[in-house]
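Student: One structure, as structure tokens, below. Some questions next.
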Amino acid sequence: QVQLVESGGGLVQPGGSLRLSCAASENIFSINAMDWYRQAPGKQREFVATITSGGSTNYADSVKGRFTISRDNAKNTVYLQMNSLKPEDTAVYYCSALRGLALYWGQGTQVTVSS
């Protein structure tokens, strides 16, 4: 079982920034990939960003150029730096970890972008 603990969500004004953190319970070099997803009320959960154990990254078109995913192996933590936030970025953000054929999820953290 991979346990994921998320933090960093909150309320921010449009154009502002937030940095989300996801701390894993084991060394993340043993995890194939770590992802960020988000889900707005009444909508499907959608992919945001991914980073593999080899360091490759990929982003949804809607966040490309504004969000950056990174990792700190020493801290067993992945981050999502979110800049130039828009109201449509408002959602619960979830961290996930792929280890072999198993997929683990964090509890989610609320991000609200509003004036």
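The values are calculated or read from the model by the stated rules, or taken from the named source; none is laboratory data. From a predicted model like this one, the values you see are computed outputs, not experimental measurements. Positions of Cβ are backbone-derived with ideal geometry, glycine not excepted, and every protein chain shown enters the neighbour counts. When the accessible area is computed, the model is the full protein with side chains, heavy atoms only, and any ligands, DNA or RNA have been set aside. Shrake-Rupley method; radii C 1.70, N 1.55, O 1.52, S 1.80 Å.
Yes or no, residue by residue, for (1) of a type in the set (A, V, I, L, M); (2) surrounded by 13 or more Cβ atoms within 10 Å (Cβ to Cβ):
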residue	(1), (2)
ALA23	yes, yes
ALA33	yes, yes
GLY42	no, no
PHE67	no, yes
SER70	no, yes
LYS75	no, no
LEU98	yes, yes
TYR104	no, yes
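Student: Can you find, within the range 1-21, the residue that is modelled with the lowest pLDDT among those that are open to solvent by 70 Å² or more (accessible area, probe 1.4 Å) and not polar (S, T, N, Q)?
Tutor: Step by step, filter the range 1-21, then rank; the result is VAL5.
Student: Quick one: VAL63 ticks every box in (1) farther than 25 Å from SER115 by Cα; (2) within 14 Å of the chain's Cα centre (by Cα); (3) not hydroxyl-bearing (Ser, Thr, Tyr) except a single one, so which number is it?
Tutor: In the conditions (1) farther than 25 Å from SER115 by Cα; (2) within 14 Å of the chain's Cα centre (by Cα); (3) not hydroxyl-bearing (Ser, Thr, Tyr), VAL63 misses (1) alone.
Student: Looking at THR57, THR68, THR90, can you tell me which residue is touching a Ser or Thr at 6+ places or on another chain (Cβ under 9 Å) and touching a residue at least 24 places away in the same chain (Cβ under 8 Å)?
Tutor: From the options THR57, THR68, THR90, the qualifying one is THR90.
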